[in-house]
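Participant: Below is the structure I would like to discuss, written out as structure tokens.
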Amino acid sequence: MNAGRLKQILLLTDGCSNYGEDPVAVAALARNQGVTVNVIGVLDDLQADEPQGLKEVESIAEAGGGVSQIVYQKNLSETVQMVTKQAMTQTIQGVVNKELQHILGESKTIEELPPEQRGEVVEIVDDLGETCQLEVLVLVDSSASMHHKLPTVKEALADLSLSLNARSGSNQFSIYSFPDPKHTIKQRVEWTSELSAMHNLFTRLSSGGYTPTGPALKEALYAFTNKSILRDEGRVDPYEETGF
Amino acid sequence: MKKPVFNVTNGTLVRGKWNHHAYHVVKKLGEGACGAVYLCQKNGIMYALKVGTESSRLMLEVNMLKKFSKVQGVKLGPSFVDVDDWAASNGQTYPFYVMEYIKGDSFATFLRGKKKEWVGICAMQLLSDLEHLHQAGYVFGDLKTDNLLISDSKVQWIDVGGVTGIGRAIKEYTEFYDRGYWGYGSRKAEPGYDLFAVTMIMLETVYPQRFTAEKDPKKTLQDKLKRAPLPSEYKRVITACWQGKYHSAKEMKEALGQILMKRVQPPKQITRKSLHHEASEWGEMLGVSFIAVVFYGISAWNLWM
């Protein structure tokens, strides 16, 4: 099986969207376009209980075919990786399941195979996870309540790139933040394979009180689409697969 | 990523849906990232049984266990016994596997009240096993005290879930033992990755609460080593390892071995010997100065003439 290209949006936020279109609908659209949406809700270390608004976190990821998790700041690095890797495995498993259903008939999934065969299939899924190409667009909510969490976010992203770059497959990362008064989202780091030296990553942040998660997700999706258009113009890649 | 919800208590009967083997749960042994481990028995024999929710991850562990119960005739982990699915009474199906039950003490319990040389001996045992694993083309990955037991004064691996093929990305890790976290290298599976974890296990013997990185992770670690109440020879080996001076488990084992061999001499004898040595040196000095004075006298007399 050919290891394809996996596309993910990783949304880091700490609150409920309050402006523009429904982020859950945009996530569903993204999924349809072959882009998985993962969401991490970042709590303050001293925050006692989960705020109601973060229920949205789960719904967005579910609609986006991805993984969601709510964490305290101090566990962010660990979680960012776990979510990214788990979503990767989930996508690959989805593709493998489809193949299985094609071969073995209706409603057969990896979990329903006898242990012996399951052991062989998970090995293939694992290999694909190691070798596939991965593109992660990180979308950071940088509204006022997130400001003091941004240094931790930066550290977690550097750590994510350290983990993913140990794989055999190649990686591409880009970082966007929102809200941006002019274009809803703002590219902070261009597409790159390393997220190690990110000086002045989050500077000149707007401190508006609104959180346009839906519109930001949509812009991120456009950014992904534009990227593949640019790539196709530059160099024709016959092995390019959309979605996976 | 929801917490597993199995209703496993003492006396629960876990029966496999494919192989039909039944295991009586005796007690819980521990809980990991993707499941819980129970002590169970079947036909009077005790086993360790791991139940999880994530089927694929559990199956990868089984594959590793089958491969690494034995490498080149050396036993490197618990033996594999059975793998199956359990249809629990709540209507859910959970994957599980069964392995040999290894009875032993945790690292900390074993080292309590023992001399510091045991730290070196345990590290050497670990390095011997790692040498075999690395030769087979794999690294241990998530090497930490939680995954080790000491049984009959010998270090035993009880969880081989993190074993990764050399050249791949480390499958799972724990920050404290991870060289990437401390800024001492990548998360690629190479022998050096495991060697770093061994040094952290050595450090953990004097920092049982472990510690976390501050602003400059490398500096935090170096400061902790400097202040660690460990023999300075061990510190030198640890520093050499961090500097990438050991290319294999064998090299690091030999370095530790030299230290442990050296310390065999009882300290009293050494002092007496050195005293004796000092005395003879004093005599030698006297003799040399006498000759020098005579020589000087002769040459002075020669000059006078």
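Nothing in this text is a laboratory measurement; each read-out follows from the coordinates by a stated rule. Just so we're clear, the structure is a prediction, and the values are computed from it rather than from any experiment. Please note: Cβ atoms are built from the backbone with ideal geometry, for glycine as well, and neighbour counts cover all protein chains shown.
Participant: For the pair A:Lys182 and B:Leu29, what calculated FRET efficiency results from E = 1/(1 + (r/R0)^6), where r is the Cβ-Cβ distance and R0 = 51 Å, to the nearest 0.05?
Facilitator: Result of the calculation: an efficiency of 0.30.
Participant: Which shape class applies to the stretch B:107-262: rounded if a/c is under 1.5, otherwise prolate when a/b exceeds b/c and oblate if not, where a ≥ b ≥ c are the square roots of the Cα gyration tensor eigenvalues?
Facilitator: Judged from the Cα gyration tensor, the stretch B:107-262 comes out rounded (a/c under 1.5).
Participant: Could you give the angle, 0 to 90 degrees to the nearest 10, between helix A:23-32's Cα long axis and the longest principal axis of the Cα atoms of chain A?
Facilitator: That helix lies at roughly 30 degrees to the long axis.
Participant: With angles folded into 0 to 90 degrees, how steeply does helix A:115-131 sit against the dominant principal axis of chain A? Use alpha carbons for both and round to 10.
Facilitator: It is inclined by approximately 50 degrees.
Participant: So, one more: As a quick test, which of the pairs B:Lys114/B:Lys245; B:Lys28/B:Lys114; A:Lys85/A:Lys227; A:Lys85/B:Lys188; B:Lys235/B:Lys262 have an alpha carbon distance above 19 angstrom in this structure?
Facilitator: Where the Cα-Cα span goes over 19 Å, the pairs concerned are B:Lys114/B:Lys245; B:Lys28/B:Lys114; A:Lys85/A:Lys227.
Participant: Which whole number gives the average, over all residues in A:116-123, of C-beta atoms from other chains lying within 10 Å of the residue C-beta? Numbers along the way, then the final one.
Facilitator: On the way: counts 3, 1, 8, 8, 2, 2, 9, 4.
Counting other chains' Cβ atoms within 10 Å and averaging over A:116-123 gives 5.
Participant: Something else: Select from the stretch B:111-198 those trypsin sites (Lys or Arg not before Pro) which occupy a DSSP coil region and have at most 13 other Cβ atoms within 10 Å, ordered by residue number. Working shown, then result.
Facilitator: Numbers: sites: B:Arg112, B:Lys114, B:Lys115, B:Lys116, B:Lys144, B:Lys154, B:Arg168, B:Lys171, B:Arg179, B:Arg187, B:Lys188; in loops: B:Arg112, B:Lys114, B:Lys115, B:Lys116, B:Lys144, B:Arg168, B:Lys171, B:Arg179, B:Arg187.
Here the sparse-neighbourhood loop sites are B:Arg112, B:Lys114, B:Lys115.
Participant: Taking 0.36 nm per intervening residue step and subtracting the Cα-Cα distance, what contour gain separates A:Thr131 from A:His199 on full extension? Display every interim value, and only then the final one.
Facilitator: Working: separation 68, 0.36 × 68 = 24.48 nm, distance 2.99 nm.
Full extension of this stretch gives 21.5 nm more.
Participant: State, to one decimal in nm, how far the label point of B:Glu233 lies from the label point of B:Lys115, with both points 7 Å from Cα in the Cβ direction.
Facilitator: Spacing of the two 7 Å Cα→Cβ label points: 1.1 nm.
Participant: Okay, next question. Would you mind putting B:155-165, A:144-154, A:33-43 in packing order, based on average other-beta-carbon counts within 10 Å, highest first? If you can, show how the numbers build up before the last one.
Facilitator: Numbers: B:155-165: 21.7, A:144-154: 16.5, A:33-43: 24.3.
Per-residue mean Cβ counts within 10 Å order the peptides as A:33-43, B:155-165, A:144-154.
Participant: Tell me, what is the FRET efficiency for A:Asn18 and B:Lys224 to the nearest 0.05, using R0 = 60 angstrom and their Cβ-Cβ distance as r? Intermediate values should be presented prior to the final figure.
Facilitator: Values: r = 46 Å, r/R0 = 0.76.
After rounding to 0.05, the efficiency reads 0.85.
Participant: Another question about this same structure. Roughly how many debye, to the nearest 20, is the charge dipole of the stretch A:1-142 about its Cα centre, given +1 on each Lys and Arg Cβ, -1 on each Asp and Glu Cβ, and no other charges?
Facilitator: Details: 9 positive and 23 negative charges, 80 e Å.
Value, rounded to 20: 380 debye.
Participant: For the stretch A:171-212, state which chymotrypsin sites (Phe, Trp or Tyr not before Pro) are in a DSSP loop and have at most 16 other beta carbons lying within 10 Å of their beta carbon. Let's see the in-between values first.
Facilitator: On the way: sites: A:Phe173, A:Tyr176, A:Trp191, A:Phe202, A:Tyr210; in loops: A:Phe202, A:Tyr210.
Those satisfying the criteria are A:Tyr210.
Participant: Applying 1/(1 + (r/R0)^6) with R0 = 22 Å to the Cβ-Cβ distance of A:Glu99 and A:Asn32, what FRET efficiency is obtained, to the nearest 0.05? Let's see the in-between values first.
Facilitator: Numbers: r = 20 Å, r/R0 = 0.92.
The pair A:Glu99/A:Asn32 has a calculated efficiency of 0.60.
Participant: Then there is this: Taking Cα centroids, how far is the stretch B:100-125 from the stretch B:188-229 in Å?
Facilitator: The two parts, judged by their Cα centres, are 18 Å apart.
Participant: Under 18 Å between alpha carbons, and skipping anything fewer than 8 positions from B:Lys27 in its own chain: which lysines qualify?
Facilitator: Those lysines meeting the cut-off are B:Lys42, B:Lys50, B:Lys103.
Participant: Given only helices, namely DSSP H runs of n ≥ 4 each adding -39500 (n - 2.57), what is the per-residue ellipticity at 222 nm of the protein assembly as shown, to the nearest 500 deg cm²/dmol? Each step should come with its number before you reach the end.
Facilitator: Values: 14 runs with 228 residues, N = 549.
Roughly -14000 deg cm²/dmol at 222 nm, from the helical runs in the protein assembly as shown.
Participant: Using a simple charge model, +1 on the beta-carbon of Lys and Arg, -1 on the beta-carbon of Asp and Glu, nothing else, what dipole does chain B show about its Cα centre, in debye to the nearest 20? Show your work: numbers first, answer last.
Facilitator: On the way: 42 positive and 30 negative charges, 77 e Å.
Roughly 380 debye for chain B.
Participant: Tilt of helix A:76-104 relative to the longest C-alpha principal axis of chain A, in degrees (0 to 90, nearest 10)?
Facilitator: It works out to around 30 degrees.
Participant: A further question follows. For B:Ala240 paired with A:Leu46, estimate the spin-label separation in nm (one decimal), with each label point 7 Å from Cα along the Cα-to-Cβ line.
Facilitator: In this crude label model, B:Ala240 to A:Leu46 measures out at 4.9 nm.
Participant: Give me the distance in nm between label points sitting 7 Å out from Cα along the Cα-to-Cβ direction at B:Asn302 and B:Glu214, one decimal.
Facilitator: Reported label-point gap for B:Asn302 and B:Glu214 is 6.7 nm.
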